[in-house]
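The values are calculated or read from the model by the stated rules, or taken from the named source; none is laboratory data. Everything numeric in this text was worked out from a predicted model, so none of it was measured. All Cβ positions, glycine included, derive from the backbone under ideal geometry; neighbour counts span all protein chains shown. Heads up: the accessible areas ignore ligands, DNA and RNA and are worked out on the full protein's heavy atoms, side chains in. Shrake-Rupley method; radii C 1.70, N 1.55, O 1.52, S 1.80 Å.
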2 protein chains.
Amino acid sequence: MEKIRLIIADDHELFRNGLKELLKNHNDVEVVNCASDGVELLEFIKTDNNIDIILLDITMPNMDGFEVLKRLKHLNNAIKPIVISMHDAGNYIAKCAKKGAYGYLLKNTDQEELLKAVRMVSKGKKYFNQKISEKMINFMSEHTVSNDMLSKKELEVLELISKGLTTKEIAAKLYVSSRTIETHRANILKKLNVKNTAELIKKAVKINLI
Amino acid sequence: MEKIRLIIADDHELFRNGLKELLKNHNDVEVVNCASDGVELLEFIKTDNNIDIILLDITMPNMDGFEVLKRLKHLNNAIKPIVISMHDAGNYIAKCAKKGAYGYLLKNTDQEELLKAVRMVSKGKKYFNQKISEKMINFMSEHTVSNDMLSKKELEVLELISKGLTTKEIAAKLYVSSRTIETHRANILKKLNVKNTAELIKKAVKINLI
DNA sequence: ATGTGTATCCGTATTATTACGGATACAAAA
DNA sequence: TTTTGTATCCGTAATAATACGGATACACAT
């Protein structure tokens, strides 16, 4: 039987080694290497292209786990990262899910769950337990705070801007002059405290206005 | 004991009525009303401000469920919508979660789960079962396909654009001429098949490039 | 060795956006 | 009733973005 080849990336030596010892007791997994930061991790990955899983911490010096996830996709997307974090904040979880993590575990997870996750992920399946999923879903919807910031009209204009319509086109669509739309746009920029359309759209998506 | 007051919104009469009958058997819930489309639903909500839950279909004439979710937040965000859809597509689920749905059920859900969801949601807790959560997580990450579409440089430029930097600022930052950045920008627009920055950023966020 | 793609640069012209300024009408809230 | 906020309109000027066009150098794959 092929062993599951994995790497541990975490800046806390004790945690790394503890995890390694723990996994030694299971003969279907092999801890190929450890890394104490993202840079080190990626360096190693470049030399060994037979890695199945990375147990990845988010908070690391030099290059954090988010950046690792991002680069991993370009570098070798056969490797399946499982994030092991001490934070159960919804934004962390959602971000990891979006960036392609195959699993998300808390550092206080028990051995059994860790193994379960590793084995599931090694088969290409994702592992996000119910509690983690909940946290994420809550986060996804809660960031909808600033709904009252923009007037109905402004929201309408914003939506059309985000669809790529020019000021002129929006004006025509809403039967007002382009000057009016420009004013709306300017007001929206001011209200969201951004300096141009690019930043505006990013922020609007982020806070769920679009 | 206060009953859970709920409304059913679905364009299929049979489904609406079936659901209603089914819920009649449970004396902790009261089906206050039914609506066959989003407009009708919102109209009713304006007249009755003591609704706990809406069982909401996505596919409806006049105004679909997504739009209902969006407007509901402005109108009365004490009402907790549970989406009941026949589609288990990840994008539907993620969209609903983002737009503030408190639950997502498939139309082939059994009675037990429906009741469980209604009761949980009535207490303010979200209900997305494991399978639904999985679908959503998979969707969230899978849309990262087009990673090879853009070159490393282009991705870098895109990231800076999204942060609100102007062409000139980006050029200064990357030690190249602004003309170069403009070319990159133009190429990015072409590659992603969008016509301007606003649309670009929206798309980039959507497909996870940023 | 030849082609393909990327990164880099340049020019010109048109159009759009942004930053200022100020103004009216109307509805809703205080 | 007065104030506040929203939607609407207008002007000018500076800056930025977009649409064309073309060019070189270099790396990597065929």
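A few notes on this one:
- Of all accessible heavy-atom area on chain A, the percent that carbon and sulfur account for (1.4 Å): 50 percent
- The mean accessible area for residues of segment B:4-142, using a 1.4 Å probe and ignoring ligands and nucleic acids, is 45 Å² per residue.
- Separation of the alpha carbons by more than 22 angstrom is noted, of A:Lys152/A:Lys203; A:Lys95/B:Lys123; A:Lys202/B:Lys46, for A:Lys95/B:Lys123; A:Lys202/B:Lys46.
- Accessible surface comparison of B:Thr183, B:Thr197, probe 1.4 Å, protein chains only, largest first: the order is B:Thr183, B:Thr197.
- Measuring with a 1.4 angstrom probe and ignoring ligands and nucleic acids, A:Leu22 comes out at about 50 Å² accessible.
- Cα shape, the protein assembly as shown, gyration tensor, a/c 1.5 rule: oblate
- Taking amide hydrogens as placed 1.01 Å from N in the peptide plane, the amide H of A:Ala35 sits under 5 Å from those of A:Ile8, A:Ala9, A:Asp10, each at least 5 positions away in sequence or on another chain.
- Interface A:B - total buried accessible surface [probe 1.4 Å, Å², rounded to 100]: 3500 Å²
- Cβ-defined net charge surrounding A:Leu23, 12 Å radius [Lys, Arg +1; Asp, Glu -1]: +3
- Amide H contacts under 5 Å for B:Ile54, placed H, 5+ residues apart: B:Ile7, B:Lys80, B:Ile82
- Derived scalar couplings between HN and Hα for segment A:173-182 equal 5, 9, 6, 10, 6, 5, 4, 4, 4, 4 Hz in order, rounded to whole Hz, by the Karplus curve 6.51 cos²θ - 1.76 cosθ + 1.60 (θ = phi - 60°), x for Gly and Pro.
- Within the full protein context, the accessible area of B:Glu154 is estimated at about 10 Å² for a probe radius of 1.4 Å.
- Ascending list, in nanometres, of distances separating the B:Lys24 label from those of the other copies (7 Å, Cα toward Cβ): 6.8
- For B:Val29, the residues whose modelled amide H falls within less than 5 Å of its own, excluding neighbours fewer than 5 places apart on the same chain, are B:Ile4.
- Estimated 222 nm signal from helices in chain A, with DSSP H stretches of n ≥ 4 weighted -39500 (n - 2.57), rounded to 500: -16000 deg cm²/dmol
- The phi-based Karplus calculation (6.51 cos²θ - 1.76 cosθ + 1.60; θ = phi - 60°) puts the 3J(HN,Hα) values of segment B:107-117 at 5, 8, 4, 8, 3, 4, 5, 4, 4, 4, 4 Hz, whole numbers, x for Gly and Pro.
- On the beta carbon distance between B:Leu75 and A:Thr109, with R0 = 45 Å, the FRET formula returns roughly 0.65.
- Relative pair counts by distance (%), Cα atoms of chain B, 10 Å bins: 8, 29, 24, 15, 14, 8, 2, 0
- Plainly put, the tip 7 Å out from Cα toward Cβ on A:Gln130 is 0.8 nm from that tip on each other copy, the closest given first.
- Among A:Ala101, A:Ala186, A:Ala35, the largest mean-square fluctuation in a Gaussian network model of chain A (Cα springs under 10 Å) belongs to A:Ala186.
- Cβ-based charge dipole, segment B:11-165, positive-most Cα from B:Asn49, B:Phe15, B:Met63: B:Asn49
- Remark on segment B:147-206: Rg and Dmax equal 10.5, 29 Å (Cα only).
- Other-copy label distances relative to A:Lys195, 7 angstrom Cα-Cβ extension, nm: 2.8
- Accessible heavy-atom area order of A:Tyr102, B:Tyr104, A:Tyr175, highest first, probe of 1.4 Å: A:Tyr175, A:Tyr102, B:Tyr104
- Cross-link reach is defined here as a Cα-Cα straight distance under 18 Å, omitting same-chain residues fewer than 8 places apart; for B:Lys125 the lysines meeting it are A:Lys131, A:Lys135, B:Lys3, B:Lys73, B:Lys80, B:Lys98, B:Lys99, B:Lys116.
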